[in-house]
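Data block below; observations after.
The values are calculated or read from the model by the stated rules, or taken from the named source; none is laboratory data. Please read these numbers as outputs of a predicted model, since none were measured by experiment. Note that we place each Cβ from the backbone using ideal geometry, even for glycine, and neighbour counts take in every protein chain shown. Side chains included, ligands, DNA and RNA excluded: accessible areas come from the protein's heavy atoms. Shrake-Rupley method; radii C 1.70, N 1.55, O 1.52, S 1.80 Å.
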Amino acid sequence: MEKTEQKLSLGEAFRITRRGVALWRKAAPGLFTAMTASAVVTAAAPYVPLWFTARLLEEISGARDPQRLTVLAVLLLTAGTAALLASAACQRWKQSKSATRYSDEYEMIFTKLLDLDFCLVDDQKTYERLSQVNQNRNFGDWGLQRLLENYDKLLGGVIKVVCAVALSVGLFLLPVPAGEPLAWLNSPLCVVVMMAALVGASVLSPWLYTKGNACWAQAAEYVKQGNRSFSYFTFIGMKERERAQDIRLYGQDDFFRHGAENCDGMLFEDCPVAKQARGPMGLLVASAEAVTRVMTGLVYLFVCLKALGGAFGVGLVSQYIGAVTSLAGGVSDCIRTAGDLRNNAPFLSQVLELLDMKNVMYQGSLTTEKRADRQYEIEFRDVSFRYPGAATDSLSHVSMKFKVGQRLAVVGENGSGKTTFIKLLCRLYDPTEGQILLNGIDIRKYRYDDYLAVFSVVFQDFQLLALPLGQNVAASVHLDRQRAEQCLRAAGFGDRLDALPEGLDTYLYKDYADTGVEVSGGEAQKIALARTLYKDAPFIILDEPTAALDPVAEAEIYQRFNDIVGNKTAIYISHRLSSCKFCDEIAVFDQGQVVQQGTHQELVACAGGKYEALWNAQAQYYTENKE
């Protein structure tokens, strides 16, 4: 089995843990206060009735004074009840604060992803980091979640030790009366041996447990792929609505069942993890439990022998047995938690690596000019771009200008660089070489959010949310209802809007509402187009959002949309030339370069050109059948 445990010192593990604590303090204010109060009170609460019970038993076995018995009984009930109530209240406080701990962690990670440059989010390395963090959490709450558990256990262990020491000191100080057969128990050697046995067992048991638990940590890398496969074949593959038709038509249920049952051998009895559980891991954990049981037996023997020898009365037997076993348990909890903290540190470090990622794109400070005439000009000046790790440029020395009010079509075969051109225009990536200018200023000098406000884009893989229609159009929970309705009608969605039972408040799809409606692909495209109109940006970009439609239907949508964009710049990306004949200018991309520019008439008349070749190849779709 491949080991993933990093060799971290205990000091380094504590340093990483402190950083994790700082993250939690920021993400969930008050959580550690509640956890601290709960750990202290809960750990100390059992010692209150233990102390009073010992005194009550001492009185019962001794003088049996009715008045003192009554007082002790009342104090036992009162103090015990108060301790239990305080413990319950603190635990409830902790539960209320920690109820959202998983969503708090998700928010930390999602906020980081939203703050990262798109080029980093789009990087496979980032995906691998995120996938590993999720895998660790799902596998055994490793990382931020395990940190909370360790904090609770460690603090509780410390409080146990403090209270137990206070209540067990008498066990070693009270002597057996001289002349008694068991007076040898007063020997310093006997006390040292007993203390050594207690300390040894308290250290050995958690050490064995920690070593056994480390096997789980070491197995994380092995089961990563298995868990991914299991998650895909069960929770994702079988439940996604979009896959239901294919699953039935092609009998893919057997495929998913087979995949779930054969997740890299993870679920079989002879897999490495199972062998570890039956072998070293099981032996270590069982040995830890055995050491604890033997130690408990020694405690009972020592306490009972001293009581039999007359060192103290029967009442204190319960106190000392409870205190010493709790002392050993507290020490064991502290050592075990320290070991678990060390096991958890590599996983917590992976979370920190994700959250510590730094943006690489230059963050400008200029605001985009708020022009009343909305006159903006974009220029690509000798722009080249290569994706990280790629061998060749996706765009090579592209130069062009376009401004508000123009209609620009970007055409070319698949893989010619059209979508990359849009990603650079929207500054999802920065050019490898060259500049992109907005009104003569390098776009890297503008504030990123300010620059993005200039564009409204419908990508070919646009997404709608399972939320009310109006919120989908406004891309916000707050919307101008009249404006949203106008945009939907302008995009051709008016008839369907009138038929919806709750109008703009109608949920799309049924993920969160039984009354949600399903929309067709064409209707979804109209909603996406309405969203671009609602934003009211100077530049509107359609990146093949109608690729699934036939050429004639696509051309009709583009032409209708062209009629309603007004004085905005409309950029149409398509590999179908007929859809863009109405544009003021057409840029023809081929192998990452702009090989031709001009109107449709100019380009189709250019014999031997790329545009003419594409046009002739597609002409059969544009010519009406006269028969």
query: Are any residues in segment 517-536 part of a helix (DSSP H, G or I) and over 15 Å from T506 (Cβ atoms), and if so, which ones?
result: G521, G522, Q525, A528, L529, R531, T532, L533, Y534, K535
field: Hits in segment 91-113 - residues which are over 18 Å from V351 (Cβ atoms) and free of Cβ contacts under 8 Å to residues at least 24 places away in the same chain
entry: R92, Q95, A99
- request: Filter segment 562-621 down to the residues that are open to solvent by 40 Å² or more (accessible area, probe 1.4 Å) and among the basic types (K, R), then identify the one that is modelled with the highest pLDDT.
  value: K610
task: Please indicate, with yes or no, whether at least one residue in segment 449-462 is over 13 Å from V517 (Cβ atoms), open to solvent by less than 40 Å² (accessible area, probe 1.4 Å) and among the charged types (D, E, K, R).
output: yes
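Taking the condition without any contact (Cβ under 8 Å) to a residue 24 or more places away in the chain and not in a helix (DSSP H, G or I), does R18 pass?
Working: without any contact (Cβ under 8 Å) to a residue 24 or more places away in the chain: yes; not in a helix (DSSP H, G or I): no.
No: the conditions fail for R18.
Condition first: part of a strand (DSSP E or B) and either crowded, with 16+ Cβ neighbours inside 10 Å or β-branched (V, I, T) (or both). Now tell me which residues in segment 425-434 satisfy that.
Correct list: G434 only.
Being out of contact with any Phe, Trp or Tyr (no Cβ under 9 Å at 6 or more places or on another chain), open to solvent by 30 Å² or more (accessible area, probe 1.4 Å) and hydrophobic (A, V, I, L, M, F, W, C) is the requirement here; does A43 meet it? Show your work before the answer.
On the way: out of contact with any Phe, Trp or Tyr (no Cβ under 9 Å at 6 or more places or on another chain): yes; open to solvent by 30 Å² or more (accessible area, probe 1.4 Å): no; hydrophobic (A, V, I, L, M, F, W, C): yes.
Criteria not met by A43.
Hey, does segment 52-60 have a residue that's farther than 30 Å from L308 by Cα and open to solvent by 50 Å² or more (accessible area, probe 1.4 Å)? It would help to see each step written out before you state the result.
Filtering segment 52-60 down to residues farther than 30 Å from L308 by Cα leaves none.
Scanning segment 52-60, I find no residue that is farther than 30 Å from L308 by Cα and open to solvent by 50 Å² or more (accessible area, probe 1.4 Å), so the answer is no.
Check V604, V595 and return the single one that is in contact with a Lys or Arg (Cβ under 8 Å, 6 or more places away or on another chain) and hydrophobic (A, V, I, L, M, F, W, C).
Numbers: V604 fails: in contact with a Lys or Arg (Cβ under 8 Å, 6 or more places away or on another chain).
None of the others qualify; the one that does is V595.
Look at V71 and say whether it is crowded, with 19+ Cβ neighbours inside 10 Å and either aliphatic (A, V, I, L, M) or under 21 Å from L154 (Cα atoms) (or both). Before you say what the answer is, go through the steps one by one.
Details: crowded, with 19+ Cβ neighbours inside 10 Å: no; either aliphatic (A, V, I, L, M) or under 21 Å from L154 (Cα atoms) (or both): yes.
The answer is no for V71.
Just checking, which of Q145, Q91, Q67, Q132 is over 12 Å from the mean Cα position of the chain (by Cα), assigned to a helix (DSSP H, G or I), among the polar types (S, T, N, Q) and closer than 30 Å to L352 by Cα? So that I can check it myself, show each step before the final result.
On the way: Q145 fails: over 12 Å from the mean Cα position of the chain (by Cα); Q67 fails: closer than 30 Å to L352 by Cα; Q132 fails: over 12 Å from the mean Cα position of the chain (by Cα).
Step by step, each of Q145, Q91, Q67, Q132 is checked, and only Q91 is over 12 Å from the mean Cα position of the chain (by Cα), assigned to a helix (DSSP H, G or I), among the polar types (S, T, N, Q) and closer than 30 Å to L352 by Cα.
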task: Could you pull out every one of the helices (runs of 4 or more DSSP H) wholly within segment 438-495 that has 2 or more residues that are more than 28 Å from the chain's Cα centre (by Cα) and closer than 19 Å to V565 by Cα?
output: 481-490
statement: Flagged pairs (Cβ under 6 angstrom, 6 or more apart or on separate chains; first in segment 434-461, closer than 26 Å to S396 by Cβ; second open to solvent by 30 Å² or more (accessible area, probe 1.4 Å) and of a type in the set (G, A, S)) are Q460/A547
field: Subset of segment 467-524 [farther than 22 Å from Y558 by Cα and in contact with a Gly (Cβ under 7 Å, 6 or more places away or on another chain)]
entry: L479, R481, L504, D505, Y507, L508, Y509, K510
- prompt: Quick check: anything in segment 583-602 aliphatic (A, V, I, L, M) and assigned to a loop (DSSP other than H, G, I, E, B)?
  reply: no
message: All but one of (1) closer than 17 Å to L308 by Cα; (2) within 45 Å of the chain's Cα centre (by Cα) hold for N186; state the number of the condition that does not hold.
response: (2)
- request: Could you please let me know if L77 is open to solvent by 80 Å² or more (accessible area, probe 1.4 Å) and in a helix (DSSP H, G or I)?
  value: yes
Options K510, K535; residue that is within 26 Å of T420 (Cβ to Cβ), surrounded by fewer than 21 Cβ atoms within 10 Å (Cβ to Cβ) and of a type in the set (D, E, K, R): K535
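Any residue at all in segment 96-107 that's touching a Phe, Trp or Tyr at 6+ places or on another chain (Cβ under 7 Å) and at pLDDT below 90?
no
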statement: Over segment 404-424, the set of residues more than 23 Å from W615 (Cβ to Cβ) and in a loop (DSSP other than H, G, I, E, B) is V404, G405
statement: With criteria (1) open to solvent by 10 Å² or more (accessible area, probe 1.4 Å); (2) of a type outside the set (D, E); (3) in a loop (DSSP other than H, G, I, E, B); (4) under 21 Å from D590 (Cα atoms), N359 comes up short on (4)
